[in-house]
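Quick notes on the structure that follows.
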Amino acid sequence: MIKHVSIAALPVTESLVIQKNRIENNVSPESKRVCIVTGTHGDELEGQYVCAHLVKLLNSEKQKLSGIVDIYPALNPLGIDSVTRGFPLFDLDMNRIFPGSPTGSLAEAAAFDIVRDIEGADICIDIHSSNIFLREIPQIRVSEQTQAELLPYAAMLNVDIIWIHAAATVLESTLAHTLNMRGTKTLVVEMGVGMRITESYCTQLIDGIMNLLHGLDMWSGDVQHVRAPIVSKDHGVGFLNSDAAGIFIPSVTHGDYVHTGDVIGRVLDPLTGSIVESAISPCNGILFTLREYPVVFGGSLLARIMGDGNG
Amino acid sequence: MEMVKNIIYSIKSPYRQSLDIIGYTFGSGEPSCCIVGALRGNEIQQMAICAQLVNTLKNIEEKGCIAENKSIMIIPCANYYSMNIGKRFWTMDNTDINRMFPGYELGETTQRIADGLFKSIRDYVFGIQMASFYQEGKFLPHVKVMDTSSGKEAAYESLSDFGLPYGLIRKPIPYDTTTLNYNWQIWGCQAFSLFATYTEHIGGQSTQAAVNATLRFLIAKGMLKWSLHPGLHTRILNEDNIWRISTSRAGILKKYASIEDEVREGDLLCEIIHPLEGSTIDKVVSPIDGIVFFSYNKQLVMEHTDIFNIIPF
Ligand SMILES: [Zn+2]
């Protein structure tokens with residue numbers, strides 16, 4: 001059943017409507033509710049496929065579902081519709097305005113409605129897909145303060161890695177932080193790359209979500225065996241930023257296991273033809289982030305490696 | 001002594017000349033005051049205010065009127081890359097330098113710019129940022145300070161040294177914690193954000209008002225041996241005490257009030273006109289007696305738009 005989460009009038013004729021699809025079966029007062037949300041950043045599309053496929057799957061075998069699954073494909077409909085990462089007209093990152101306010105701007109009022117709608121769910125999964133610059137293997141990011149509560153659920157989602165990051169005040173204005181602080185367990189998934197859909201990653205996460213529903217006794221159908229993620233804190237993550245400017249040509253494959261000293265890629269100067277930088281792996285581990293967009297400035301991130309502590 | 005022009009930070013681009021952030025220093029000795037202009041590509045007014053300050057301080061220094069053992073640095077524009085191509089945020093990834101402080105030396109481009117900039121300006125006693133708003137509209141000129149734990153009492157009192165009509169105190173929200181002003185304050189600098197009326201247009205009067213406000217502050221703090229008319233009495237108030245009037249309908253905005261107007265409770269502020277049919281669909285009246293501090297200046301409004309801010313008498 002399609003429901004309105006937030007509605008607000010735009011200047012000429014139309015309204016901004018944020019919608020969800022509620023799929024429910026066998027609902028009782030004890031029933032659990034899981035929310036799948038995505039589309040906060042208008043250039044991140046991997047979650048679109050996940051939503052489309054999940055809705056189809058759950059509806060086709062609804063008798064195996066017990067409880068409520070709410071699917072929100074587009075928290076920022078104007079952004080997705082206009083290939084804009086932020087919230088159009090405000091020039092702002094929608095994931096920096098939570099919990100929002102009913103008396104604030106249209107973006108803040110929408111954020112407030114979104115939180116009110118999701119709050120109280122048993123689990124919320126917030127799907128992101130990096131940006132147009134970097135490609136990520138399926139991963140979950142949790143803050144140090146929420147790891148104890150969230151890790152058991154994160155491990156059910158069939159992702160490759162779990163990155164436990166330090167808290168930062170600015171991240172307190174994200175949807176995930178807001179919901180976690182209000183007792184709604186929210187897991188942030190990052191996978192793929194902006195403006196594209198990577199079907200294999202989507203399928204991997206869908207298997208994980210079905211496994212989670214099964215683990216919560218909400219799904220009685222068959223589930224796939226899920227992989228055990230590598231869990232790491234900030235100190236285990238090696239960053240490779242370019243100091244030079246030019247075009248980046250990777251020499252490894254995304255998701256590879258790399259060794260200390262391996263060449264990850266090179267930055268070339270198209271005018272002179274020279275190699276202006278060789279990016280060298282600082283540790284042994286999985287190359288979980290790889291630059292997708294070739295043009296780099298001084299400072300551009302080229303790769304991230306999740307070290308395994310060996311070497 | 002003579003004005004010193006330095007490149008305080010430089011970053012490489014693949015296809016353009018390097019971005020060199022230029023700082024102008026006047027006087028010598030104690031790092032007394034740093035003034036930062038444009039961090040965003042649309043902050044032309046903020047750059048122009050600094051440019052005029054550079055020109056003025058050059059004259060003042062030539063006359064030997066910078067105080068002993070005081071140095072003042074002005075950085076008119078930290079992001080001319082975006083300005084030169086008509087973009088507001090960073091050219092490549094659309095990030096906002098003013099959401100990257102204190103910065104990170106080994107991080108992404110805009111984190112590196114913020115880091116490089118911050119390291120060369122953080123040790124000044126006073127910091128003044130020529131700031132702009134996210135909101136589209138006109139404000140009465142004012143100066144603002146963040147309500148953080150470090151040294152705020154002194155900063156509140158200094159608000160009146162600018163001689164602007166309003167001095168505001170803002171309680172930071174998480175989103176503010178990565179701005180220059182907030183990080184300056186946390187580092188121990190007394191930081192102020194100065195807001196001129198316009199952002200993209202260089203108005204003679206509002207540019208000069210901001211230049212004079214800054215000069216007044218530098219004089220009050222003993223950095224310049226110079227004189228200027230004292231400016232206005234400053235009313236200091238918490239940002240929370242400003243009334244925000246927003247729309248509950250959408251359409252074409254027809255305004256009957258503008259900034260600096262004194263309004264009474266019940267006075268008509270604006271009408272919302274149906275964009276296709278021309279009829280009046282809403283009338284917005286003032287809920288309070290006060291002075292119009294902010295006025296939205298776009299012609300179309302959506303629901304929940306902040307259209308007027310009123311400071312009660
Ligand atoms: Zn995202």
**Study point:** Solvent-accessible area per residue for the range B:242-312 (1.4 angstrom probe, square angstrom)
**Key:** 47
Point to revise | Carbon/sulfur fraction of accessible area - the range B:238-313, other protein chains in place, 1.4 Å, % | key: 44
Practice item. State the antiparallel share, in %, of DSSP beta bridges confined to the protein assembly as shown, rounding to the nearest 5. Key: 60
Practice item. State to the nearest 20 debye the size of the charge dipole of the range A:2-228 about its Cα centre, where the only charges are +1 on K and R beta carbons and -1 on D and E beta carbons. Key: 260
**Study point:** Charge dipole of the range B:65-159 about the Cα centre (unit charges at C-beta), most positive-ward option of B:N94, B:N84, B:T110
**Key:** B:N84
Check your understanding: With each pseudo-label sitting 7 Å past Cα toward Cβ, what's the A:I197-B:N59 distance in nm, one decimal?
Key -> 6.4
Review point. Once the piece of chain linking B:S227 and B:R16 is laid out straight, how much longer is it, given 0.36 nm per residue of separation minus the C-alpha distance between them?
Key: 71.6 nm
Check your understanding: Which residues does a label at A:E24 reach in the range A:164-183, if reach means a backbone N under 13 Å from a point 7 Å past the Cα toward the Cβ?
Key -> none
Point to revise | Mean ellipticity per residue at 222 nm, deg cm²/dmol - from DSSP H runs of n ≥ 4 across the protein assembly as shown, formula -39500 (n - 2.57) | key: -6500 deg cm²/dmol
Check your understanding: Roughly to the nearest percent, how much of the accessible area of the range A:52-147 is carbon and sulfur, given a 1.4 Å probe?
Key -> 51
Exercise for review: Run the accessible area of the range B:1-134 with a 1.4 Å probe and give the carbon-and-sulfur part as a rounded percent.
Suggested key: 50
Practice item. For the range B:4-238, report the accessible area per residue in Å² (1.4 Å probe, heavy atoms, rounded to an integer). Key: 39
Review point. With labels modelled as points extended 7 Å from the Cα through the Cβ direction, what inter-label distance (nm, one decimal) is found for B:N241 paired with B:I7?
Key: 4.8
Exercise for review: Treat every Asp and Glu Cβ in the range A:14-122 as -1 and every Lys and Arg Cβ as +1, leave all other atoms uncharged, and give the resulting dipole magnitude about the Cα centre to the nearest 20 debye.
Suggested key: 380
Study note, to complete from the structure: Expressed as a whole-number percentage, the relative contact order of chain A with C-alpha contacts under 8 angstrom and at least six residues apart is 16
Point to revise | At R0 = 22 Å, FRET efficiency that the Cβ-Cβ distance of B:K298 and A:M1 yields, to 0.05 | key: 0.05
**Study point:** Ranked order, A:S28, A:S300 - accessible area, probe 1.4 Å, largest first
**Key:** A:S28, A:S300
Practice item. Identify, among A:S143, A:S129, A:I161, the residue whose Cα sits farthest towards the positive end of the charge dipole of the range A:120-162, taking +1 on the Cβ of Lys and Arg and -1 on the Cβ of Asp and Glu, with the dipole about the Cα centre. Key: A:S129
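To one decimal place, what Kirkwood hydrodynamic radius in Å is obtained for the range A:138-209 from all pairs of distinct Cα atoms? Intermediate results must be reported in sequence, preceding the final value.
Numbers: mean 1/r = 0.0777 Å⁻¹.
In the range A:138-209 this quantity evaluates to 12.9 Å.
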**Study point:** For the range B:4-238, size of Cβ-based charge dipole, Lys and Arg +1, Asp and Glu -1, in debye
**Key:** 260
Exercise for review: Could you grab the relative contact order for chain B? Cα pairs under 8 Å, six or more apart, rounded to a whole percent.
Suggested key: 16
Check your understanding: For B:Y15, what accessible area in Å² do you get when you roll a 1.4 Å probe over the heavy atoms of the protein chains, rounding to the nearest 10?
Key -> 140
Check your understanding: From largest to smallest, what semi-axes in whole angstrom does the protein assembly as shown give when each is the square root of 5 times an eigenvalue of its alpha carbon gyration tensor?
Key -> 45, 34, 20
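Quick check on packing: order A:222-228, B:292-298 by the mean number of other C-beta atoms within 10 Å, highest mean leading.
Working: A:222-228: 12.9, B:292-298: 19.6.
Going by the mean number of other Cβ atoms within 10 Å, highest first, we get B:292-298, A:222-228.
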Review point. Highest GNM mean-square fluctuation, chain B, Cα pairs closer than 10 Å: which of B:S160, B:S71, B:S149?
Key: B:S149
Revision key, fill the gap. Simple spin-label estimate for A:F239/A:A167, 7 Å along Cα→Cβ, in nm, reads 2.1
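Across peptide B:8-21, how many C-beta atoms of other chains are within 10 Å of each residue C-beta, on average?
On the way: counts 0, 0, 1, 5, 10, 6, 18, 6, 2, 0, 2, 2, 0, 0.
Whole-number average of other-chain Cβ neighbours for B:8-21 is 4.
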Review point. Based on the inverse mean of 1/r over its pairs of different Cα atoms, what is the Kirkwood hydrodynamic radius of chain B, in Å?
Key: 20.5
Review point. Going highest first, how would you order A:262-270, B:42-50, B:240-248 by mean Cβ packing within 10 Å?
Key: B:42-50, A:262-270, B:240-248
Exercise for review: Of all alpha-carbon pairs in the range A:1-140, indicate the percentage at a distance above 24 angstrom.
Suggested key: 32
Point to revise | Accessible surface, 1.4 Å probe, highest first, among residues A:F133, B:F192 | key: A:F133, B:F192
Check your understanding: Do you know which residues of the range B:163-202 lose at least 20 square angstrom of accessible area in the protein assembly compared with their chain on its own, with a 1.4 angstrom probe?
Key -> B:P174, B:Y175, B:T177, B:T178
Study note, to complete from the structure: Within 10 Å of the Cβ of an average residue in A:89-99, the count of other chain Cβ atoms is 3
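Could you quote the convex hull projected area for the range B:12-130, Cα atoms only and averaged over all directions, in nm²?
Approximately 7.5 nm², given one-decimal rounding.
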Check your understanding: R0 = 30 Å: FRET efficiency of A:A148 with B:K119, Cβ-based, nearest 0.05?
Key -> 0.25
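Where only protein heavy atoms count, and the probe is 1.4 Å, what is the accessible area per residue for chain A in Å²?
Values: 12360 Å² over 311 residues.
Spelled out: the 1.4 Å probe surface of chain A, per residue, equals 40 Å².
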Point to revise | Using alpha-carbon coordinates, inclination of helix B:109-121 to the longest axis of chain B, degrees | key: 60
Review point. What total accessible surface area, summed over both chains, is buried at the interface between chains A and B, computed with a 1.4 Å probe and given in Å² to the nearest 100?
Key: 2800
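Per-residue mean of other chain beta-carbon atoms within 10 angstrom of the beta-carbon, peptide A:295-304?
Values: counts 4, 5, 17, 11, 13, 6, 5, 0, 0, 0.
The per-residue average across the peptide is 6.
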**Study point:** Folded to 0 to 90 degrees: helix B:44-62 orientation relative to chain B principal axis, Cα
**Key:** 40
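The values are calculated or read from the model by the stated rules, or taken from the named source; none is laboratory data. What you are looking at is a predicted structure, and each value in this text was computed from that prediction instead of being measured. All Cβ positions, even for glycine, are placed from backbone atoms using ideal geometry, and neighbour counts span all protein chains on display. Surface areas here come from the heavy atoms of the whole protein model, side chains and all, with no ligands, DNA or RNA. Shrake-Rupley method; radii C 1.70, N 1.55, O 1.52, S 1.80 Å.
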